[in-house]
Every structure is written in structure tokens, then in C-alpha cells.
Amino acid sequence: MAILDFLGITGVDSSVTGGTSSEADAIRHIVGELEALPEDRARYLAAFAYVLGRAAHADSEVSARETRAMEEIVRVLGHLPEPQAVLVVEMAKHQVRLFGGEQNYLVTRRFRELSTSEQRIELLECVFAVSAADASISVVEESEARRISQELGLDHAEFVRARAAYVEHLEALRSFRRQRTEAQPGTAES
């Protein structure tokens, strides 16, 4: 299926969508540039963005901060102009919402096949960056990151190294520290 068909743009009158002809032309231009990417590069970017979307959607909600983090990561690491990165991220989020549970493993496994060990580690680091975009990594998000890590074939030490940069955002650790502080007499702040 062509990207334009997927987005419902081909043959759609702008008066029906509420957009202007120039908006549709701009989207067509961006999609044309994406379709011009080499097929292996397009697959890599699609799988990369999908896994980021999977991480962001782990708690059944993708925040605006998580979306913006995904867009920036895809733009920088994918070497894409911002409009293309935005479109790739929106498409990935849409796919995750529609097919997440049944496609997660397959897409992550496909990324593993398309990538080097360094690229898989980089993706896991990006998964944590997206999860921490709202200054908090929930237990559900951390669990999803662990599943992604395992599906990418990364070992526990690689998982721990990727997570280390975001440890202050881990809700489980924050909760543990709060409970420990509250349980110790004389530790209340003056």
C-alpha cells in the first residue's frame, strides 16, 4: 500500500478533509521524498520509529513530550528533515495504536535483522529517552524497555547501561527511596 493511500490522501478532495490544496501538496511532497528513500533505509526507519512508538505507548498513552522526543530522535538519527520525521513518527504511532500487541515482536525482530549491534543499543537508549521525555519512567514503560531489549538480543548488562542514564526518572526507584526515607525516624526534612 502506498503511503498516500495509507494516509487517505490519494484522490481525496481537500474540501472533504478540511485542509487546503497547498496542505495536501505539502504532504504529498514529503511522502514523495520518503518514498524516494532506498527501500532498506525506509524499512530501517519505519521499524526504528515503530519501536519508539511502542515504548511511548507502553502505558497506553503517548504524551506530547514523548511525541516530540520521538520526532527529534528520528530527525537526527534518521537524517530526515523535520516534516519527514514528523510524518514517520505519526505513522508509527498510528500503527502501534492499531496493531501494537500483535505486531510488536515482529517489528522489533525485523529491526534486529536490519541493524548492527551498535544500532540496537542506540535504539534501546532512544527507547529510554522517549520514556523519560515526561520526566518519569513508569514500571510499565521500564518493563516494555526490558522486553524490547530482549527482543533485540541485547544482554542484561547492555540493558543496565542504557537504563543508567535515565535512572533518576525510574518511578520504581523513586517510590522505593520515598518509602525508605519515610520509614526511617529522624529523616524528615526540617
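I'd like to check something: does segment 101-114 contain any residue that is under 15 Å from the mean Cα position of the chain (by Cα), of a type in the set (A, V, I, L, M, F, W, C) and farther than 17 Å from VAL130 by Cα?
Yes, because at least one residue in segment 101-114 is under 15 Å from the mean Cα position of the chain (by Cα), of a type in the set (A, V, I, L, M, F, W, C) and farther than 17 Å from VAL130 by Cα.
From the list GLU158, GLU144, which residue is under 17 Å from the mean Cα position of the chain (by Cα), open to solvent by less than 70 Å² (accessible area, probe 1.4 Å) and at pLDDT 95 or above?
Of GLU158, GLU144, the one residue that is under 17 Å from the mean Cα position of the chain (by Cα), open to solvent by less than 70 Å² (accessible area, probe 1.4 Å) and at pLDDT 95 or above is GLU144.
Looking only at segment 28-55, filter to residues that are more than 16 Å from TYR105 (Cα to Cα) and of a type in the set (Val, Ile, Thr); which one of those is modelled with the highest pLDDT?
By that ranking, first place goes to VAL31.
Filter segment 84-100 down to residues that are surrounded by 16 or more Cβ atoms within 10 Å (Cβ to Cβ) and over 14 Å from the mean Cα position of the chain (by Cα), then give me how many there are.
Number of matching residues: 1.
Just name the residue that is nearest to GLU66 (Cα to Cα) out of those in segment 126-166 that are part of a helix (DSSP H, G or I) and of a type in the set (Asp, Glu).
GLU141
To keep it simple, each residue is scored yes or no on (1) without any contact (Cβ under 8 Å) to a residue 60 or more places away in the chain; (2) open to solvent by 50 Å² or more (accessible area, probe 1.4 Å); (3) closer than 22 Å to ALA129 by Cα.
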{"residue": "ALA24", "(1), (2), (3)": "yes, no, no"}
{"residue": "GLU35", "(1), (2), (3)": "yes, yes, no"}
{"residue": "PRO38", "(1), (2), (3)": "yes, yes, no"}
{"residue": "LEU45", "(1), (2), (3)": "yes, no, yes"}
{"residue": "VAL62", "(1), (2), (3)": "yes, no, yes"}
{"residue": "GLU66", "(1), (2), (3)": "no, no, yes"}
{"residue": "LEU80", "(1), (2), (3)": "yes, no, yes"}
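The values are calculated or read from the model by the stated rules, or taken from the named source; none is laboratory data. Just so it is clear, the structure is predicted and the values come from calculations on it, not from any experiment. Please note: Cβ atoms are built from the backbone with ideal geometry, for glycine as well, and neighbour counts cover all protein chains shown. Ligands, DNA and RNA are stripped out before the accessible areas are found, and what is left, the full protein with its side chains, is counted by its heavy atoms. Shrake-Rupley method; radii C 1.70, N 1.55, O 1.52, S 1.80 Å.
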